Amino acid sequence: MKPAPTDTSNKMWGGRFAAGPAAIMEEINASIGFDKRMAAEDIAGSRAHAAMLAAQGIITQADAAEIDRGLAQVLDEIGKGRFTFSRALEDIHMNVEARLKEIIGEPAGRLHTARSRNDQVATDFRLWVRKTIDQVDAGLAALIRGLIAQAEAGADLVMPGFTHLQVAQPVTWGHHMMAYVEMFGRDRSRFADARARMNECPLGAAALAGTSFPIDRHATAAALGFDRPTANSLDSVADRDFALEFLSAASICAMHLSRFAEELVIWSSAQFRFARLSDRFSTGSSIMPQKRNPDAAELIRAKVGRIMGALVALTTVMKGLPLTYSKDMQEDKEPLFDAAEALILAIAAMEGMVRDLAPDPERLAAAAGSGFSTATDLADWLVRVLGMPFRDAHHVTGRIVALAEAQGVDLSGLELAAMQEVEPRITRAVFEVLTPAASTASRLSYGGTAPARVREQIARWKEMLG
């Protein structure tokens with residue numbers, strides 16, 4: 001391991017300060033405990049910056065080569081766990097630069113020409129968030145594929161659809177799975193939009209006003225995979241919209257995960273028994289041997305609080321800051337790092353549960369036919385076959401439902417004669433639409449629950465995913 005840096009009393013701040021920070025100031029000021037996560041991004045930005053300085057004749061090619069060699073060694077040391085991070089050096093930028101000086105000596109001091117820690121951290125953070133968006137997107141794509149596999153296997157499987165958590169109309173298992181495909185597909189789109197908007201490079205904005213050196217910001221932007229440099233140096237160092245957008249998209253995605261997790265908790269309960277979670281994503285009880293607890297789903301449901309909390313925290317930090325940089329902005333990273341970690345873990349856990357999820361066809365079918373779920377089909381039949389206005393059909397159906405309820409039977413179990421007491425024109429043909437399977441098969445409108453439509457949507461999504 002390299003020795004801990006010495007003589008840190010005013011190494012970062014130069015001649016302006018005669019004494020080092022008090023211990024409590026060091027405690028509140030240091031960010032190395034969390035921003036060391038951005039080491040790879042920080043070193044990538046420095047290597048691109050040094051190469052640009054040399055290309056522009058601002059530093060020599062020899063110095064640039066030494067800087068690049070030294071930074072490569074620092075990256076290797078960090079990757080192998082042989083780097084000692086110093087709280088006295090505050091942050092990842094100064095830790096890297098201090099070690100670089102130990103390795104290559106005087107040329108290291110030229111690296112910070114034409115830049116500031118303000119544009120440096122903004123660049124590092126964008127690179128980190130951009131990389132994380134790519135990880136989230138890959139996780140969501142895998143989850144969507146898992147949902148599609150469930151939908152394909154259960155395209156014909158009838159289950160109850162709910163409103164107000166009351167049985168409403170029969171739907172298919174495949175249709176229900178594809179509803180979440182649409183949700184998570186929108187999440188991917190939101191992250192993609194955020195990525196496209198953030199893909200501008202702040203490097204070269206310096207402290208806030210740009211620099212008098214003849215730098216080439218387009219070169220550093222291209223080297224780091226950005227579409228272009230940011231257009232205003234003040235906004236470049238003051239902006240954290242990209243982090244807020246990430247957290248906003250993450251909060252919506254976490255909410256979708258939480259909604260599905262809630263359904264898994266309900267479905268796997270003894271009262272519903274619609275589906276079984278695998279042992280891999282369930283736990284037992286320390287006292288009740290019969291229990292199978294859906295802990296993974298419950299923990300996913302809880303993650304949304306942390307992720308939304310990070311969005312509120314950063315919005316609150318930023319809301320009162322004048323241009324440009326304020327130290328308040330150091331509080332931008334910890335909540336986002338935590339939220340990103342929680343989201344990626346929750347997506348992976350949900351994919352695992354979806355892949356292992358085993359629906360119970362008999363329980364689903366029985367529940368699909370309960371609660372007079374085909375009442376709308378009866379009303380539609382009265383309109384379609386008897387030419388009855390829908391409001392009249394709604395009223396007639398309500399009376400027939402009340403009659404069935406009084407007799408303790410569902411609609412398909414009610415005698416034809418009993419229906420005809422309410423509406424004499426009803427014929428035996430009505431029973432063809434009163435089963436859950438017939439109901440779902442008839443919902444052929446675009447986006448409907450009919451198995452044929454579900455398979456069309458599955459095919460559409462498979463083509464989009466490639």
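The values are calculated or read from the model by the stated rules, or taken from the named source; none is laboratory data. Keep in mind that what you see is a predicted model, and the values were worked out from it rather than measured. Because the Cβ atoms are built from the backbone with ideal geometry, glycine has one as well, and the counts that use them run over all protein chains shown. Each accessible area value is taken on the protein alone, full model and side chains, heavy atoms only, with ligands, DNA and RNA left out. Shrake-Rupley method; radii C 1.70, N 1.55, O 1.52, S 1.80 Å.
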Residue pairs meeting the criteria (Cβ under 8 Å; at least 6 apart or on separate chains; first of a type in the set (Phe, Trp, Tyr), in the range 387-403; second open to solvent by 20 Å² or more (accessible area, probe 1.4 Å)): PHE390/VAL383
Selection status of ALA339, open to solvent by less than 40 Å² (accessible area, probe 1.4 Å) and farther than 28 Å from ARG240 by Cβ: no
Just one of the numbered conditions (1) more than 29 Å from SER46 (Cβ to Cβ); (2) of a type in the set (A, V, I, L, M); (3) open to solvent by less than 20 Å² (accessible area, probe 1.4 Å); (4) free of Cβ contacts under 8 Å to residues at least 40 places away in the same chain is not true of LEU277; which one? (4)
Among ASP119, ASP134, ASP124, which is open to solvent by 40 Å² or more (accessible area, probe 1.4 Å), part of a helix (DSSP H, G or I) and either at pLDDT 95 or above or closer than 22 Å to ILE32 by Cα (or both)? ASP134
Kindly provide the set of residues from the range 304-347 that are of a type in the set (Ser, Thr, Tyr) and not in a helix (DSSP H, G or I), ordered by number. THR324, TYR325, SER326
Can you give me the number of residues within the range 247-274 that are open to solvent by less than 10 Å² (accessible area, probe 1.4 Å) and at positive phi? 0
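Only one residue in SER236, SER189, SER212 is open to solvent by less than 50 Å² (accessible area, probe 1.4 Å) and either in contact with a strand residue (DSSP E or B) (Cβ under 9 Å, 6 or more places away or on another chain) or more than 30 Å from LEU411 (Cα to Cα) (or both). Which one?
Testing whether each residue is open to solvent by less than 50 Å² (accessible area, probe 1.4 Å) and either in contact with a strand residue (DSSP E or B) (Cβ under 9 Å, 6 or more places away or on another chain) or more than 30 Å from LEU411 (Cα to Cα) (or both) leaves just SER236.
Tally up the residues in the range 430-444 that are touching a strand residue (DSSP E or B) at 6+ places or on another chain (Cβ under 6 Å) and either small (Gly, Ala, Ser) or under 15 Å from ARG384 (Cα atoms) (or both), please.
Residues that pass the stated criteria total 2.
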I'd like to check something: does the range 349-365 contain any residue that is surrounded by 21 or more Cβ atoms within 10 Å (Cβ to Cβ), within 17 Å of SER248 (Cα to Cα) and modelled with pLDDT of 95 or more? no
Filter result for ALA141 (touching a residue at least 40 places away in the same chain (Cβ under 8 Å) and either over 24 Å from ARG228 (Cβ atoms) or open to solvent by 30 Å² or more (accessible area, probe 1.4 Å) (or both)): yes
Output the number of the condition that GLY146 fails; it satisfies all remaining conditions of (1) open to solvent by 50 Å² or more (accessible area, probe 1.4 Å); (2) under 30 Å from LEU277 (Cα atoms); (3) of a type outside the set (S, T, N, Q); (4) at pLDDT 95 or above. (1)
Among (1) within 25 Å of ASP216 (Cβ to Cβ); (2) outside any helix (DSSP H, G or I), the one test that PHE85 misses: (1)
Which residues, counting only those in the range 226-256, are under 18 Å from VAL136 (Cβ atoms) and touching a Leu at 6+ places or on another chain (Cβ under 8 Å)? ALA243, LEU244, PHE246, LEU247, SER248, ALA250, SER251, CYS253, ALA254
Counting only residues in the range 378-435 that are among the hydroxyl-bearing types (Ser, Thr, Tyr) and closer than 23 Å to ALA368 by Cβ, the one least open to solvent (accessible area, probe 1.4 Å) is identified as THR397
Top-ranked residue of the range 291-309 - restricted to ones that are open to solvent by less than 70 Å² (accessible area, probe 1.4 Å) and under 13 Å from the mean Cα position of the chain (by Cα), ranked as nearest to PHE281 (Cα to Cα): ILE300
If we keep only residues of the range 447-464 that are open to solvent by 10 Å² or more (accessible area, probe 1.4 Å) and of a type in the set (A, V, I, L, M, F, W, C), then the residue farthest from ALA153 (Cα to Cα) is MET464
